[in-house]
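K.L.:
One structure, as structure tokens, below. Some questions next.
The values are calculated or read from the model by the stated rules, or taken from the named source; none is laboratory data. Keep in mind it's a predicted model, so treat the numbers as computed, not measured. Cβ sites come from the backbone with ideal geometry, for glycine too, and all protein chains shown count toward neighbours.
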Ligand SMILES: [Mg+2]
Ligand SMILES: [Zn+2]
């Protein structure tokens, strides 16, 4: 199974991530990549969000995604869903959870432009983070985007490493910033990032 691309109703015809066009003028970022579980929504302690009822946005996450949308950046989720390989997460359940996330975001005026999913187990692909295949697939589908004009926000070092390796700006939740809302503040220029940036700006 290839990495899955989820984008409502669109077939995989390049480029599937449309360039931001006019509304993006002045946007500092082409694409802001987001991890899903633990970044946008509450992580399920035992591993998988396998039911729409368990898909809960983290505080401030919906508004944060809406701010990114309004900035003109495309917002793309990159997520490992190993449960699809082990059988603990069915494709139907995954799709239902994805739909619920879209509904929760829409209720806050926010949307995802695309989601790239690794459905594989450990060691059987080049897309399970910390590998960079999900990012590369998205960039291939967005030939207008430049990696150095992209950013990645995630809650695990394995989210950050592949994005940094491609030259993206990265923000690790719990280390650089507390949460997605704070990450978006930093990315959109309202706040400096991390202790180093604080020192530099003083
Ligand atoms: Mg995560
Ligand atoms: Zn994979």
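K.L.:
Filter segment 168-202 for residues that are surrounded by 19 or more Cβ atoms within 10 Å (Cβ to Cβ) and modelled with pLDDT under 95 and give the result.
P.N.:
193
K.L.:
Could you grab me the full set of residues in segment 105-119 that are near ligand 2 (Cβ under 7 Å from one of its atoms) and closer than 20 Å to residue 160 by Cβ?
P.N.:
Within segment 105-119, just 118 meets the criteria.
K.L.:
Within segment 134-144, can you find the residues that are surrounded by fewer than 20 Cβ atoms within 10 Å (Cβ to Cβ) and within 12 Å of ligand 2 (Cβ to nearest atom)?
P.N.:
Hit for segment 134-144 is 136, nothing else.
K.L.:
Could you pull out the residue among 106, 92 that is free of Cβ contacts under 8 Å to residues at least 12 places away in the same chain and closer than 19 Å to residue 48 by Cβ?
P.N.:
Details: 106 fails: closer than 19 Å to residue 48 by Cβ.
One residue alone meets the criteria, 92.
K.L.:
Could you tell me whether any residue of segment 152-167 is buried (at least 19 other Cβ atoms within 10 Å of the Cβ), more than 16 Å from ligand 1 (Cβ to nearest atom) and either at pLDDT 95 or above or farther than 22 Å from residue 101 by Cβ (or both)? Break it down into steps so the answer makes sense when it comes.
P.N.:
So the first thing to find is which residues in segment 152-167 are buried (at least 19 other Cβ atoms within 10 Å of the Cβ), and the list is 152-155, 159-160, 162-163.
Cutting the leftovers down to more than 16 Å from ligand 1 (Cβ to nearest atom) gives us none.
No, because not a single residue in segment 152-167 is buried (at least 19 other Cβ atoms within 10 Å of the Cβ), more than 16 Å from ligand 1 (Cβ to nearest atom) and either at pLDDT 95 or above or farther than 22 Å from residue 101 by Cβ (or both).
K.L.:
Moving to a separate point now. Checking the structure you have, find out if any residue of segment 54-71 is touching a residue at least 12 places away in the same chain (Cβ under 8 Å), closer than 18 Å to residue 99 by Cβ and surrounded by fewer than 19 Cβ atoms within 10 Å (Cβ to Cβ).
P.N.:
For segment 54-71, residues touching a residue at least 12 places away in the same chain (Cβ under 8 Å), closer than 18 Å to residue 99 by Cβ and surrounded by fewer than 19 Cβ atoms within 10 Å (Cβ to Cβ): present.
K.L.:
How many of the residues making up segment 120-133 are more than 8 Å from ligand 2 (Cβ to nearest atom) and surrounded by 21 or more Cβ atoms within 10 Å (Cβ to Cβ)?
P.N.:
1
K.L.:
Considering 48, 94, which residue is within 16 Å of ligand 2 (Cβ to nearest atom), over 22 Å from residue 170 (Cβ atoms), surrounded by 19 or more Cβ atoms within 10 Å (Cβ to Cβ) and modelled with pLDDT under 95?
P.N.:
48
K.L.:
Among the residues of segment 46-60, write down those that are under 19 Å from the mean Cα position of the chain (by Cα) and part of a loop (DSSP other than H, G, I, E, B).
P.N.:
Correct list: 47, 48, 49, 50, 55, 56, 58, 59, 60.
K.L.:
Additional query: Only one of 91, 74, 128 is over 29 Å from residue 185 (Cβ atoms) and in contact with a strand residue (DSSP E or B) (Cβ under 8 Å, 6 or more places away or on another chain); which?
P.N.:
Testing whether each residue is over 29 Å from residue 185 (Cβ atoms) and in contact with a strand residue (DSSP E or B) (Cβ under 8 Å, 6 or more places away or on another chain) leaves just 128.
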